[in-house]
Structures are given as structure tokens and as C-alpha cells.
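Since the structure comes first, as C-alpha cells, the remarks are kept for the end.
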Amino acid sequence: MALIDLANPTRFLALTARLLPWLIGVTALLMLAGLQQAYMAPDDYQQGATVKIMFVHVPNAWLSMFVWIVMTAAALGTLVWRHPLADVAAKAAAPLGAAFTFVALVTGSLWGRPTWGTYWEWDARMTSVLILFLMYLGLIALWRAVEDPSRAARAAAILTLVGAINIPIIKFSVDWWNTLHQPASLIRSGGAAIHPTILIPLLIMALAFSLLFLTLHLAAMRNEILRRRVRTLQMMQAAGRA
Amino acid sequence: MLTGSYAPFIVSAYAVTALAVATLIVWVVTDYRKQQNILHDLEARGATRRSSHTNKPSETAA
């Protein structure tokens with residue numbers, strides 16, 4: 001099957017039906033392995049046992065930005081190539097991105113209380129991630145508010161492209177401003193600043209959450225294609241009765 | 001290992017994560033069943049898509 005064939009929703013649904021059981025199995029196994037490794041990981045010499053929160057906070061924080069990048073690529077697909085699957089991909093990703101961002105905010109807050117002494121601080125990193133969460137909610141509301149799917153797709157794509165400016169702000173906020181949030185300790189020049197006993201469980205959990213996103217995204221895209229087929233049939237029935 | 005003064009923060013973080021993941025899974029599964037049921041109901045009442053007759057590979061409309 002050529003990659004271009006996936007542009008056909010019927011073929012996309014067939015591929016999804018074959019892929020999803022394998023993805024669910026691999027994701028579940030990797031998540032269990034990651035949780036086991038996270039449980040066995042030693043305490044940090046500075047943060048103590050609270051370092052275990054990192055194994056769920058960091059993957060969700062990464063995904064909160066990655067999902068928006070996926071939606072930005074899909075927005076280009078909607079505006080430039082006007083491909084209906086591009087809007088399907090973006091619309092299916094938004095609730096997932098919102099959930100990952102919510103988890104990143106809550107777990108970060110729960111990590112901040114014992115390490116920084118506060119649940120929340122209006123610093124650049126936390127504020128920009130909160131703005132990202134609100135943008136996800138705004139996009140979801142936009143898709144629900146506009147009845148015509150093609151108009152909703154164009155409006156959502158423009159909003160997504162404008163919102164993409166927030167992604168580098170989130171990433172570099174810890175370098176550009178003086179923040180309570182610590183600077184990058186993994187993706188940075190000079191290599192990771194984390195001991196392998198903590199780094200390996202973190203990478204396994206990151207891979208598990210990335211596969212979880214892929215699995216849920218494919219399933220949500222399948223649902224969105226079915227929803228549009230339902231809408232088309234209902235409109236055809238209504239037109240037939242008129 | 002999950003004892004001490006930090007335990008409530010760690011357990012709460014994992015509980016929130018598990019709840020969010022479970023919510024997403026339930027949403028995806030129930031939405032799929034709902035759309036499938038509506039689609040089967042419509043098809044049982046005779047509604048069919050034009051593409052189900054022609055099934056052109058170049059078709060892109062969902």
C-alpha cells in the first residue's frame with residue numbers, strides 16, 4: 001500500500017483496523033515496563049522520591065507540545081492541499097492534546113509543591129503551558145460552534161497556525177526568562193544531565209506515552225471519519241425527504 | 001518506596017494521569033460504538049453513500 005493511498009478514508013479505516021490491535025498491545029506492554037522501571041528507580045539525591053512524578057510529568061509535557069506540532073502540520077494540509085483527512089487528524093488530536101497538557105499542568109503542580117514550596121507560580125514556562133491548554137479548549141469549542149465542517153476546518157487551521165508561535169515560547173521560556181521551572185535537562189547541548197537509572201525509565205515512559213497518543217489518535221480519527229459519514233447520510237436522507 | 005511525606009504528591013500525580021488516560025480510552029471506545037450504531041441504523045433504513053456503489057480509489061471525501 002502506497003502512502004498516498006492513506007489519503008483515501010476507506011483505505012485509512014482498513015489500515016487502522018489492522019494496526020490498532022498491535023498498537024494497543026505494544027503500548028500496554030511498554031507502559032507496564034515503564035511503570036515497573038519507574039517504581040524501581042532510585043530517589044534523586046536532591047529531590048528525593050518526588051523525582052517519580054517526572055516519569056509522568058515529562059512525557060505529558062512533551063506530548064502537549066508535540067500534539068500541537070502535529071495539528072500545525074495538519075492545519076497546513078487543510079489550508080494548502082484542502083485535504084479532508086488533514087482536518088480529521090487535527091480535530092481528533094485536539095482533545096488528546098488538551099488532556100496531555102492538563103496532566104502536565106497538574107502533575108507539575110504536584111511536583112512543584114514539595115520541591116519549590118508552591119503549587120503554582122506565574123512564571124514564563126507555567127503561564128505559557130496554561131495558555132496552550134486554553135488554546136486547545138478554544139479550538140475544541142470552535143469545532144463545536146461552527147456547524148459547516150469546511151468553514152470550521154479553515155478557521156481552526158488558521159487558529160492552530162497562529163497558536164504555533166506559543167510552542168517555541170514554551171520550549172525556550174526557561175532560557176529566555178528567569179523562571180522557577182528548571183531549564184532543560186535532557187534535550188540540551190552537552191547531553192542529558194540525568195543519571196541512566198532515572199533516564200532509562202523516563203525514556204521508556206516517553207515512548208509508551210507517544211505510542212498511547214498514536215493509538216488514541218488513529219482511533220479518534222477513525223471515529224471522526226465515521227461521524228462525517230453519519231452526517232453525510234443524514235443530510236442525504238433529509239434531502240431525499242424534502 | 002512510596003512512603004513518607006512525599007507519597008501523597010506522587011500517588012496523586014499518578015492517579016490524575018491514570019484517570020486522564022482512562023477517560024480518553026473510554027471516550028474513544030464509546031464514541032466508536034455510538035458512531036457505528038448510528039451508521040448501521042442508517043444503512044438498515046436504506047441510506048447508502050454514493051462511494052459505496054462506485055468505490056473509486058481517488059475518492060477523498062469522508
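A few points about this structure:
- Filtering A:147, A:224 for residues that are outside any helix (DSSP H, G or I) and not polar (S, T, N, Q) leaves a single hit, A:147.
For (1) open to solvent by 20 Å² or more (accessible area, probe 1.4 Å); (2) more than 16 Å from residue A:98 (Cβ to Cβ); (3) outside any helix (DSSP H, G or I); (4) at pLDDT 95 or above, each residue gets a yes or a no:
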residue: A:122; (1), (2), (3), (4): yes, yes, yes, no
residue: A:130; (1), (2), (3), (4): yes, no, no, yes
residue: A:133; (1), (2), (3), (4): yes, no, no, yes
residue: A:137; (1), (2), (3), (4): yes, no, no, yes
residue: A:152; (1), (2), (3), (4): no, yes, no, no
residue: A:156; (1), (2), (3), (4): no, no, no, yes
residue: A:161; (1), (2), (3), (4): yes, yes, no, yes
residue: A:171; (1), (2), (3), (4): yes, yes, no, no
residue: A:175; (1), (2), (3), (4): yes, yes, no, no
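- Residues (in contact with a Ser or Thr (Cβ under 9 Å, 6 or more places away or on another chain) and modelled with pLDDT of 95 or more) located in region A:20-41: A:20, A:23, A:24, A:26, A:27
- Breaking point among (1) within 30 Å of residue B:15 (Cβ to Cβ); (2) open to solvent by 40 Å² or more (accessible area, probe 1.4 Å); (3) modelled with pLDDT under 90, for residue A:44: (2)
- Residue A:82 meets all of the listed conditions (1) in a helix (DSSP H, G or I); (2) facing another protein chain (nearest Cβ under 10 Å) but one, namely (1).
- Residue count for region A:100-110 under the criterion of being at the interface with chain B (Cβ under 7 Å from one of its Cβ atoms) and either open to solvent by 20 Å² or more (accessible area, probe 1.4 Å) or closer than 21 Å to residue A:72 by Cα (or both): the result is 3.
- Lone unmet requirement of (1) at pLDDT 95 or above; (2) more than 10 Å from chain B (Cβ to nearest Cβ); (3) more than 19 Å from residue A:170 (Cβ to Cβ); (4) touching a Phe, Trp or Tyr at 6+ places or on another chain (Cβ under 8 Å) for residue A:6: (1)
- Close contacts from region A:219-237, counting a first residue that is facing another protein chain (nearest Cβ under 7 Å) and farther than 17 Å from residue A:94 by Cβ and a second that is buried (at least 19 other Cβ atoms within 10 Å of the Cβ) and among the acidic types (Asp, Glu), with Cβ to Cβ under 6 Å and a gap of 6+ residues or different chains, come to none at all.
- Verdict on residue A:230 being in a helix (DSSP H, G or I), open to solvent by less than 30 Å² (accessible area, probe 1.4 Å) and among the β-branched types (Val, Ile, Thr): yes
- Only one entry in A:117, A:97 is at pLDDT 95 or above and more than 10 Å from every other protein chain (Cβ to nearest Cβ), namely A:97.
- Flag if residue B:47 is of a type outside the set (D, E, K, R), more than 19 Å from residue A:85 (Cα to Cα) and at pLDDT 95 or above: no
- Checking the stated criteria, residue A:107 turns out to be of a type in the set (Ser, Thr, Tyr) and at pLDDT 95 or above.
- If you filter region B:16-42 down to residues that are charged (D, E, K, R) and at pLDDT 95 or above, you find that the one that is least open to solvent (accessible area, probe 1.4 Å) is B:31.
- Against the criterion of being away from chain B (no Cβ under 11 Å), under 29 Å from residue A:114 (Cβ atoms) and in contact with a Gly (Cβ under 9 Å, 6 or more places away or on another chain), residue A:66 qualifies.
- Residue in region A:233-242 that is open to solvent by 40 Å² or more (accessible area, probe 1.4 Å) and part of a loop (DSSP other than H, G, I, E, B) present: yes
The values are calculated or read from the model by the stated rules, or taken from the named source; none is laboratory data. The structure presented is a predicted model; accordingly, all values stated were derived computationally and were not measured. Positions of Cβ are generated from backbone atoms using ideal geometry, with glycine treated the same way; all protein chains shown enter the neighbour counts. Just so you know, the surface numbers come from the protein's heavy atoms only, side chains and all, with ligands and any DNA or RNA stripped out. Shrake-Rupley method; radii C 1.70, N 1.55, O 1.52, S 1.80 Å.
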